[in-house]
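The values are calculated or read from the model by the stated rules, or taken from the named source; none is laboratory data. Everything numeric in this text was worked out from a predicted model, so none of it was measured. Note that we place each Cβ from the backbone using ideal geometry, even for glycine, and neighbour counts take in every protein chain shown. Side chains are part of the model used for accessible areas, which takes the heavy atoms of the whole protein and leaves out ligands, DNA and RNA. Shrake-Rupley method; radii C 1.70, N 1.55, O 1.52, S 1.80 Å.
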Amino acid sequence: MGAVTDRDLDVVVFGASGVTGRRVAAYLAERAEETPLRWAAAGRDADRLAQVLDAIGVSAPVVLVADVGDPRSLAAMAARARVVLNLVGPYTRYGRPVIEACLAAGCHYVDLTGEVPFVREIIDEFNGPASEAGVKLVQICGFESLPPDLMVALAAERAREQWGEELGAVDLELTIAPPPGLPRPSDAISGGTFQSAAAIIATEDAASVTDPAVLISDAGVAAAVRRTSPIRLGARRGSGAAVLAPMAPAPFINPAVIHRTAALAASAEGRAAMPFRYREGVVLGGGRASQPARWAIAGALSATQVGLRGLAHASPRLRRPVASAMARVGPASGFGPAGNRLEGWRWAIWVHARTTAGNELDVHLEADGHPGYLATARLLGEAGMLLAEDGATPDRGGALTPAAALGTACIERFERAHLRFSIGGLSAAADAAGTRSGR
Ligand SMILES: NC(=O)c1ccc[n+]([C@@H]2O[C@H](COP(=O)([O-])OP(=O)(O)OC[C@H]3O[C@@H](n4cnc5c(N)ncnc54)[C@H](OP(=O)(O)O)[C@@H]3O)[C@@H](O)[C@H]2O)c1
């Protein structure tokens, strides 16, 4: 990679005192015992940082003080790092100066935002300069949306290698098994995530969040994505008798990322983009709920998402007071799952892809740890390490999705982060499908 030359730090975790940031720091500390990783924890308050990390038994080898309101501190941080992992949200409010500092210093940048209108802004403004500089600006790189993004990219590559065909339809199902014991509200969402949701609702262009093509710059490709793969919010039947609810916590994020990855891959390889139909959902299983009860729950979850979509499309005069009330009375920064509620989660993703000619393949993922706040921290840490290593990821810069930035060759590395990907179920199309495709 041309841009990132010698630095004294491989990875810096900025916002390391936060609910997710402290777990990223813990993961990097663990990894540094096995490999020569040079990492630092960064935050606006060194004492608080030390106190928070101390409480979870983490000692950072280097501590940097940086504040999003102090551009010089951001420049100094970025100048020392190959990769900055930014955990300071809401990103709509705080992200831009960190991105600017990284780009100016020629340092790769990664964040966890799900604030899609903000990601759109960053693509519009910084994709060109970042491509020229060979700097990777990687957004939405947590549970949302690294696993689904890599899995669908892998299916697309495999279909091309195996059959020379493009994907026509992709279904993704997520299964989550929480740890035993009564669920708590803090298991579901951190204050940081809640405040980010409020920030999206306050955004001028909040409606764009429901557009599956919001992250695609080419108008023709975007129109084809909207036609082929609109985001549907209804409860529906999945594989077998599974009842599927819309993706949690938000059904609007993964589709936008996955379609951008496909468009970026097509343009990098000089092919015409061929949008596919993408659907995703959470399997309502486990427990003793009857099938009718599952449909009722899925219906209620769908209704909630329909309500949120309605709010995103409402006039700013209505949205802004709602967003500021949410930000005031909702959980604030620091609220999140207790340390003893982070382990013990098991989750799996199954991707079933079908090519335009009817050939089929599956990609599986088995993972553990709280998806949002422990698995996310581990996979972000591993992604940061990969980006810091020469030659470990594709040699390209720009405002990129996780799969475009990391490539699929690295998926085995995520085993260390407790994510086990496998590809299987390659099945040639039935004769009838072969006939349909004219082969
Ligand atoms: N994509 C995903 O799957 C995923 C998963 C998890 C989280 N997220 C996102 O990640 C973000 C962080 O979530 P979280 O729950 O970890 O948040 P959090 O606990 O509120 O942490 C926020 C961090 O930002 C720091 N900070 C705030 N203002 C700052 C400033 N002016 N300068 C420097 N640092 C500042 C805080 O430092 P202090 O401690 O000093 O206040 C804290 O370290 C949210 O936007 C959330 O939506 C996404």
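Of all residues in region 360-373, those that are more than 16 Å from Asp187 (Cβ to Cβ) and assigned to a strand (DSSP E or B) have Cβ atoms under 8 Å from Cβ atoms of residues that are within 16 Å of the ligand (Cβ to nearest atom) and open to solvent by 10 Å² or more (accessible area, probe 1.4 Å), 6 or more apart or on another chain, in Ala367/His418. Would you mind stating whether Leu85 is touching a Lys or Arg at 6+ places or on another chain (Cβ under 9 Å), not charged (D, E, K, R) and not in a loop (DSSP other than H, G, I, E, B)? Considered against the rule, which asks whether it is touching a Lys or Arg at 6+ places or on another chain (Cβ under 9 Å), not charged (D, E, K, R) and not in a loop (DSSP other than H, G, I, E, B), Leu85 comes out as no.
Put simply, of Glu125, Glu157, Glu144 the only residue that is free of Cβ contacts under 8 Å to residues at least 40 places away in the same chain, open to solvent by 10 Å² or more (accessible area, probe 1.4 Å) and of a type outside the set (Ser, Thr, Tyr) is Glu125.
Which one is surrounded by the most Cβ atoms within 10 Å (Cβ to Cβ) among residues in region 43-99 that are among the charged types (D, E, K, R) and more than 9 Å from the ligand (Cβ to nearest atom)?
Arg82
Of all residues in region 284-308, those satisfying the criterion of being open to solvent by less than 70 Å² (accessible area, probe 1.4 Å) and touching a Phe, Trp or Tyr at 6+ places or on another chain (Cβ under 9 Å) are Leu284, Gln305.
Of the residues Ala353, Ala348, Ala332, Ala323, which single one is part of a loop (DSSP other than H, G, I, E, B) and open to solvent by less than 60 Å² (accessible area, probe 1.4 Å)?
Values: Ala353 fails: part of a loop (DSSP other than H, G, I, E, B); Ala348 fails: part of a loop (DSSP other than H, G, I, E, B); Ala323 fails: part of a loop (DSSP other than H, G, I, E, B).
After applying the criteria, what remains is Ala332.
Scanning region 193-213 for residues that are more than 16 Å from the ligand (Cβ to nearest atom) and among the aliphatic types (A, V, I, L, M) yields Ala207, Ala213. The combined condition, being open to solvent by 10 Å² or more (accessible area, probe 1.4 Å), of a type in the set (A, V, I, L, M) and either under 30 Å from Glu343 (Cβ atoms) or within 16 Å of the ligand (Cβ to nearest atom) (or both), is fulfilled by Ala177. For region 214-226, residues that are part of a helix (DSSP H, G or I) and either within 16 Å of the ligand (Cβ to nearest atom) or free of Cβ contacts under 8 Å to residues at least 24 places away in the same chain (or both) total 5. Would you confirm whether or not region 135-147 contains a residue that is within 13 Å of the ligand (Cβ to nearest atom) and in a helix (DSSP H, G or I)? Looking for residues that are within 13 Å of the ligand (Cβ to nearest atom) and in a helix (DSSP H, G or I), one finds at least one in region 135-147, hence yes.
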